[in-house]
Every structure is written in structure tokens, then in C-alpha cells.
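J.: Here's a structure for you.
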Amino acid sequence: MSAKFSFTLNATDGKARTGVISTPRGEIRTPAFMPVGTAGTVKAMLPENVRATGADIILGNTYHLMLRPTAERIDRLGGLHRFMNWERPILTDSGGFQVMSLAALRKLNEEGVRFSSHIDGSKHMLTPERSMEIQRLLGSDIVMAFDECPALPASVEKVAESMRLSMRWAQRSRDAFGDRPGHALFGIQQGGVTEELRAESAEKLREIGFDGYAVGGLAVGEGQEAMFGVLDYAPDMLPEDRPRYLMGVGKPDDIVGAVARGIDMMDCVLPSRSGRTGQAFTRRGVVNIKNARHMDDPRPLDEDCSCPACRSYSRAYLHHVFRAGEIISSMLLTWHNLHYYQELMEGMRGAIAEGRFAAFQTEFHAMREEGDVPPL
């Protein structure tokens, strides 16, 4: 691994793992959930508030930051950590997801991807080498190899072609990353839902050699059952002594299921995006604060939660400010959701360390099946 970047596995319970990723900017306790700060901010949150939820690391987006304000500008201003006032670790995605999600705005070939900016239509070329350069300029602690991810469902032939292109790009990413002590490069396993292609991808990534390994190409339309089917074997194909990162996941039950199958790191926009649309994640499932049933309810979202939204505000108030379109609604519900996600991770870390992860899962699902508290 890169100097001053290491992964220590402290305990396992079945396939579930808990440990610590050490970086020059601080430790990341695993399993870890990374809030998404796409454009240099976790929406509706101050950086110190994100940290207060228990987050050890956040995610930034190469594609969006390269367009605005540009990686070069961020570099001149001292790097992304200083720019956004977050001094702990940052992982940046490679821009590869936009190869899939912005398909109407791009042309792909062996060299890389030519994008038309969704902001102003300007033309940009993103290659493995350019992705590594952008992530270096940003100052990312964990850099992701550049890859291509086809939306599912797709033919086996299409997935195989895409995976092999991604493996060639992985080698170019490794070569362009070079030797950067204190910074880590993660490779990304592809192969859709086909076990043989996943095995081929993992073998190539191990041959190249990375500081950590991601399971990519999931949460792109295949459904939870198919995703779990892949996770039943895909993490086992990756080195045990390196962090395993499941990209773009997910809902709380996705996360618990992924950890049960050997995943160490996850990210998703869901807790912050849902907070802005009036959805709150609780131990009993999702609460839609926009519903009229909360209009006269003096109770908190979750009586066992210690976040500011639950500690100081009622469901009635949260319903009111959401309906009124007040900014504080997004602030409080996002804080609550991120707090819940980090509390979930903390609970899993403790359960794995104590050898009671199966009991944790049983209780987690039982509480959700009970559903929200009945209306007053």
C-alpha cells in the first residue's frame, strides 16, 4: 500500500468485517458510509455538521468539479480539503459513472470519453490519465481508477466489452497515478451480474495491484436481489487485506446486506437527497414528513435519535417547514438522515466486533417490519 495508507482488519463475523483505514488525514472506521459532496459540499450541511454525524470521510465528484469551478482553480486555492473546509479524508470518483449516466452527452472510444458539458455544452475529453490528473489537483486521499459502467440490463457481450475496456483503463490509471505517498488508488471490479466476468475483472485488478478495490456496476437498475446475488461472491474475489468499496449504495437494508457479504465502504446521495424531499430514515423505516398525519404530532421523528431534528423539533414543526418550503427543512432532515446512517454504521461495527452481527440483522429487520409509530 501507499506509505501512510493502510488497512487493519480488526474483527470478522461471518463475512462481515470491521477495521480501520489509516490515512495522513485521519482514520476511517469500517464499515464506513461516505456522505456525497458532489460539488464540494454535502447539500444543506456545514462540514462541521457532517463530521458531527460521525462521518470519517466524504466523497467528491471528479466530473462536476472539473467543469465547475475546475480542478485547476481548486488546486490554486489550496486543494479541495481547504476549498470546502473539510480536513479529513476525501475519496473522489473518477468521472466514470457519468460515462453511463450522461450517455446522451458523450462519445466513447479506447482513448476515453468526450463529453459535452451539461452546464454550457463545452467540450471536454476525460481519459484515465486526465482523471488521475484531476484527482491529483483536487488532492484526493483515495483516488478511483477510471472506468466505464454500462446501465443494466445489458447483454453479456456488452458487459464483457465494457469490463475489458475498464481493465485496460485500470492499467492506464495505475501507470498515470504513479507513486504518491499518503494517497491511495482503488481499482474497480466490473462484470455486471455475470460471475465469470467478475472473476476475470478481479484477476486483472489483482495483477495490476491497487491499494483498495471497489465493486462497481451495481445499483444501476438491476434490483436488490440481483445485487445481493453478485455480492454473494464478488467481494470474495478481491484481496482480503484491502478495503472493499461498494459504489453508489444505498438504502439502509442495502447497506446492511452489503456489510453481511463482506463490504467495507459505501456511498450514496440518498440520505441527503431524501432529506430535501421530505423523507426521513428511521429505525422503523421511512417517514414521509409531508404527509398530513404529522400535522399535529408533537413527537420527534425518532424518540431514540439524538440528532438536532429529533432532539429539538416535533414532527408537526418539520411537517410545517417542509410544506412552507423553508430551508431549515432540508437542513434538519438531511442532518437526521446522515446521523441515522452513521449510527447504523456504528451499530454494525460494534456488532461485528462482539460477534453478534446476525442478531443485529434480525433486530434491524424486525424494527423496520413493525413500521412507523401509529398516528396520534
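The values are calculated or read from the model by the stated rules, or taken from the named source; none is laboratory data. Computed from a predicted model, the values in this text were never measured in an experiment. Here Cβ is always computed from backbone atoms with ideal geometry, including for glycine, and neighbour counts include all displayed protein chains.
J.: May I ask you to list the residues in the range 320-348 that are in contact (Cβ under 8 Å) with a residue 12 or more places away in the chain and of a type in the set (D, E, K, R)?
T.: Selection gives Arg323, Glu343, Glu346.
J.: Which members of the range 203-213 meet the condition of being closer than 11 Å to Met237 by Cα and either of a type in the set (Asp, Glu) or surrounded by 24 or more Cβ atoms within 10 Å (Cβ to Cβ) (or both)?
T.: Listed by number, the residues that qualify are Glu203, Leu205, Tyr213.
J.: Go through the residues of the range 306-315 one by one and say whether even a single one is touching a residue at least 60 places away in the same chain (Cβ under 8 Å) and either among the β-branched types (Val, Ile, Thr) or farther than 23 Å from Phe228 by Cβ (or both).
T.: The answer is yes; a qualifying residue exists.
J.: Being within 25 Å of Glu363 (Cα to Cα), of a type outside the set (A, V, I, L, M, F, W, C), in contact (Cβ under 8 Å) with a residue 24 or more places away in the chain and surrounded by 18 or more Cβ atoms within 10 Å (Cβ to Cβ) is the requirement here; does Gly285 meet it?
T.: Answer is no for this residue.
J.: With respect to the numbered conditions (1) surrounded by fewer than 24 Cβ atoms within 10 Å (Cβ to Cβ); (2) touching a residue at least 60 places away in the same chain (Cβ under 8 Å); (3) assigned to a loop (DSSP other than H, G, I, E, B), which one is the sole condition not fulfilled by Phe7?
T.: (3)
J.: Given the criterion at pLDDT 95 or above and either β-branched (Val, Ile, Thr) or crowded, with 22+ Cβ neighbours inside 10 Å (or both), identify the matching residue among Pro239, Pro243.
T.: Pro243
J.: Shifting gears a bit: Go through the range 1-58 residue by residue and tally those that are hydrophobic (A, V, I, L, M, F, W, C) and within 23 Å of His336 (Cβ to Cβ).
T.: Matching residues across the range 1-58 total 15.
J.: Still on this structure, please answer the following. Being closer than 30 Å to Val230 by Cβ, of a type in the set (Gly, Ala, Ser), outside the structural domain of Gly223 (by TED's automatic domain parsing) and at pLDDT 95 or above is true for just one of Ala324, Ala353. Which residue is that?
T.: The conditions single out Ala353.
J.: Sticking with this structure for a sec: Check Ala353, Ala358, Ala366 and return the single one that is without any contact (Cβ under 8 Å) to a residue 12 or more places away in the chain, among the hydrophobic types (A, V, I, L, M, F, W, C) and under 29 Å from Asp264 (Cα atoms).
T.: None of the other options fit; the residue is Ala366.
J.: Taking Arg88 and the conditions (1) at pLDDT below 90; (2) within 21 Å of the chain's Cα centre (by Cα); (3) outside any helix (DSSP H, G or I), which numbered condition does it fall short on, given that it satisfies the others?
T.: (1)
J.: Looking at (1) in a helix (DSSP H, G or I); (2) not assigned by TED's automatic domain parsing to the domain that holds Phe210, which one does Arg51 not meet, given that it meets all the others?
T.: Going through (1) in a helix (DSSP H, G or I); (2) not assigned by TED's automatic domain parsing to the domain that holds Phe210 one by one, Arg51 breaks only (2).
J.: Can you tell me which of Ala280, Ala260, Ala202, Ala234 is closer than 27 Å to Ala316 by Cα and touching a strand residue (DSSP E or B) at 6+ places or on another chain (Cβ under 9 Å)?
T.: Step by step, each of Ala280, Ala260, Ala202, Ala234 is checked, and only Ala280 is closer than 27 Å to Ala316 by Cα and touching a strand residue (DSSP E or B) at 6+ places or on another chain (Cβ under 9 Å).
J.: For residues that are over 12 Å from Ala199 (Cα atoms) and among the hydrophobic types (A, V, I, L, M, F, W, C), tally how many sit in the range 232-251.
T.: Filtering the range 232-251 for residues over 12 Å from Ala199 (Cα atoms) gives 232, 239-251.
Keeping just the survivors that are among the hydrophobic types (A, V, I, L, M, F, W, C) gives 246-247, 249.
Going through the range 232-251 one residue at a time, the tally reaches 3.
J.: Kindly provide the set of residues from the range 52-90 that are polar (S, T, N, Q) and crowded, with 24+ Cβ neighbours inside 10 Å, ordered by number.
T.: Once the filter is applied, which keeps residues that are polar (S, T, N, Q) and crowded, with 24+ Cβ neighbours inside 10 Å, the range 52-90 yields only Thr62.
J.: Ok, one more. Kindly list, by first and then second residue, each pair from a residue in the range 127-142 that is closer than 15 Å to Phe115 by Cβ to a residue that is among the basic types (Lys, Arg), limited to pairs with Cβ atoms under 7 Å and residues at least 6 apart or on different chains.
T.: Going by the 7 Å Cβ cut-off, the qualifying pairs are Pro128/Arg172.
J.: Can you find a residue in the range 173-183 that is under 19 Å from the mean Cα position of the chain (by Cα) and farther than 28 Å from Glu343 by Cβ?
T.: Quick first cut of the range 173-183, residues under 19 Å from the mean Cα position of the chain (by Cα) only: 183.
Narrowing the set further to residues that are farther than 28 Å from Glu343 by Cβ leaves 183.
Among the residues of the range 173-183, at least one is under 19 Å from the mean Cα position of the chain (by Cα) and farther than 28 Å from Glu343 by Cβ, which makes the answer yes.
J.: Please tell me if Ala16 is buried (at least 23 other Cβ atoms within 10 Å of the Cβ) and not charged (D, E, K, R).
T.: Taking the combined requirement at face value, the residue satisfies it.
J.: Shifting gears a bit: Quick check: anything in the range 193-201 more than 21 Å from Met265 (Cα to Cα) and not acidic (Asp, Glu)?
T.: Yes: the range 193-201 contains one or more residues that are more than 21 Å from Met265 (Cα to Cα) and not acidic (Asp, Glu).
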